[in-house]
Every structure is written in structure tokens, then in C-alpha cells.
Amino acid sequence: MMLITTSHRPTRRTRSFGHDLERVFPNSTYLTRGKKTIQDLLMEAYDRGYERLLIINVWKGNPLKMTFIKVSPDDWGYLGYLYLHGIKLQREIGFRNIRPIREEMPFIVTTAKRVGLDHIAFAQAFAELTNGKFIPRGDKSLTYIADKYNTDVLGVVERHPRGMAINFYRLDITKERPVGPLISVKIWIMEDGRRWDYKEALGIKVKRRERE
């Protein structure tokens, strides 16, 4: 599905986040960045047959931004970016030693029940970024959706006090609760111009220095 890596000199927490994502994106791989350039990473992703490259950027010890890049020898390019409030790792939720999914299966993106239009728009964008499939939630259960699309893993966009969040379910592990990681998103931006900012959505005035 995708090659996952970090910016140069990542922290331990950022590496752990990358490994957590490897466990919820089917048939994906976390790669230690080392001295590899973007071009090196694109070639690595292409050689492995991946259509997406995900780079996790770090700031003050924590993951700050997720950059998604389309992998194609003729038409590669940046797809979009998630700017994060914070994350909660799988081990912090109570799950350890989850094995990655080493087989092809759909990655389904949906929403929690009774969310707003902003959440639905983000779920659609996240499906595009990850090369997943967006399925409207309605009144359907997550188990029903997973069974219909023959998958064990879902990304669910939900409400969050400071914006919105996406959490991950591995139904082969538990059908009762998400396994994480929990990602709190404050801004998402697509290269085609679509974007969302929680401060703008809540009508919070942005100080001049925050715009610079």
C-alpha cells in the first residue's frame, strides 16, 4: 500500500509512530530513512510496488506533519499534508506487539456516526491520500462495513476537542475498540486547494506571528 518513513534524525516517538502506521496500513513497510533523499525514497517505493510514500516530519520530539506523495515514474507528486496536534501510540492505548498485515486487502476510511460535513470531507481526503476507499458510515456498524469489503482494518474519522481525529481499527485483533494510533489533526491541505483549519472552522482569530 505505501512506504512509510520519517524526516532525517527522527526521535524514538516518531519511529514508534511510523511502526504503528505500518501495522494499520495493509501490506505497507516502515523504512528507516538514514541519509536517503526524496528521490531515493521514491525509487525504493516504486521498486517495492507501492503507490504512496508517507513521510513523517518531527518537531520538538513529536510528529508534526504527515506528507503524502504519489509514487509513479511518469506522474509522481505531492498529494497533501496533515498537520498534527498530537498522537497517541498503540502502546499508550493498551496494544503492544501487533503484527503488520502482510497481504493485500482494502483500507477502508469512514467516519464515526453523527459527525459534521467537515469530518466527511476529511475522510474522503484521507482516503485519497492513502489510496484507500471512502465508505459513508450512515447507520452501518464497522463490522458490517469490514465484512462487506472483505477487510480487517478501518480508519475512522471522529470528533476531537481541538479539530478532528482519525483512529484505526484492526477487527482481526478486537471488534470492541480501536487499536490506534490516534491522530489528532489541526490542519489538512490537499494540493488541489482543498483545506481545513480547526481555528478557522471555530472562528478563532490567528495572531500575526502564527501566519508567518
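Coordinate-derived values only; no laboratory data. Source: prediction; values computed, not measured. Positions of Cβ are backbone-derived with ideal geometry, glycine not excepted, and every protein chain shown enters the neighbour counts.
Of the residues Thr37, Phe134, Asn62, the one whose Cα sits farthest towards the positive end of the charge dipole of the chain is Asn62 (charges of +1 on Lys and Arg Cβ, -1 on Asp and Glu Cβ, taken about the Cα centre). Each peptide in 6-13, 103-110 gets a packing score, the mean of other Cβ atoms within 10 Å over its residues, and the list from highest to lowest is 103-110, 6-13. For the chain, what value does the Rg/Rh ratio take when both radii are computed over Cα atoms and Rh is the Kirkwood radius, given to two decimals? That ratio equals 0.95. Among Lys60, Lys113, sorting on how many other beta-carbon atoms sit within 10 Å of each Cβ, with the fewest leading, yields Lys60, Lys113.
Taken over region 125-212, the convex hull of the Cα atoms encloses 129 Å³ per residue. Under the criterion of Cα pairs below 8 Å and six or more residues apart, the relative contact order for region 2-206 equals 20 percent. For the chain, a Gaussian network of Cα nodes joined below 10 Å ranks Lys65, Lys148, Lys199 by mean-square fluctuation, and the top entry is Lys148. On full extension, the segment bounded by Asp197 and Asp139 gains 18.1 nm, given 0.36 nm per residue less the C-alpha separation.
The Cβ shell under 11 Å around Gly94 holds other residues with a net charge of +3, Lys and Arg each +1, Asp and Glu each -1. For a modelled paramagnetic label at Tyr78, 7 Å from Cα along Cα-to-Cβ, the residues of region 1-29 in reach, with backbone nitrogen under 20 Å, are 3-10. Considering only His119, His160, His85, the Gaussian network model of the chain with Cα springs below 10 Å gives its largest mean-square fluctuation to His160. When the P(r) of region 15-131 is calculated, the portion above 21 Å amounts to 44% of the C-alpha pairs.
Note on Trp196, Trp59: ascending count of other Cβ atoms within 10 Å places them as Trp59, Trp196, the fewest first.
Rounded to the nearest 0.05, what FRET efficiency do Arg96 and His8 have when you use their Cβ-Cβ distance and R0 = 25 Å? Result of the calculation: an efficiency of 0.35. Here region 161-180 and region 40-110 have alpha carbon centers that stand 16 Å from each other. Annotation: extensible slack from Ile204 through Thr32 equals 58.1 nm (criterion: 0.36 nm per residue apart, minus Cα-Cα distance). Only beta bridges with both residues in region 2-206 are counted; by DSSP, about 75 percent of them are antiparallel. 3J(HN,Hα) along region 121-126: 4, 5, 4, 5, 5, 5 Hz, from the Karplus curve 6.51 cos²θ - 1.76 cosθ + 1.60 with θ = phi - 60°, whole Hz, x for Gly and Pro.
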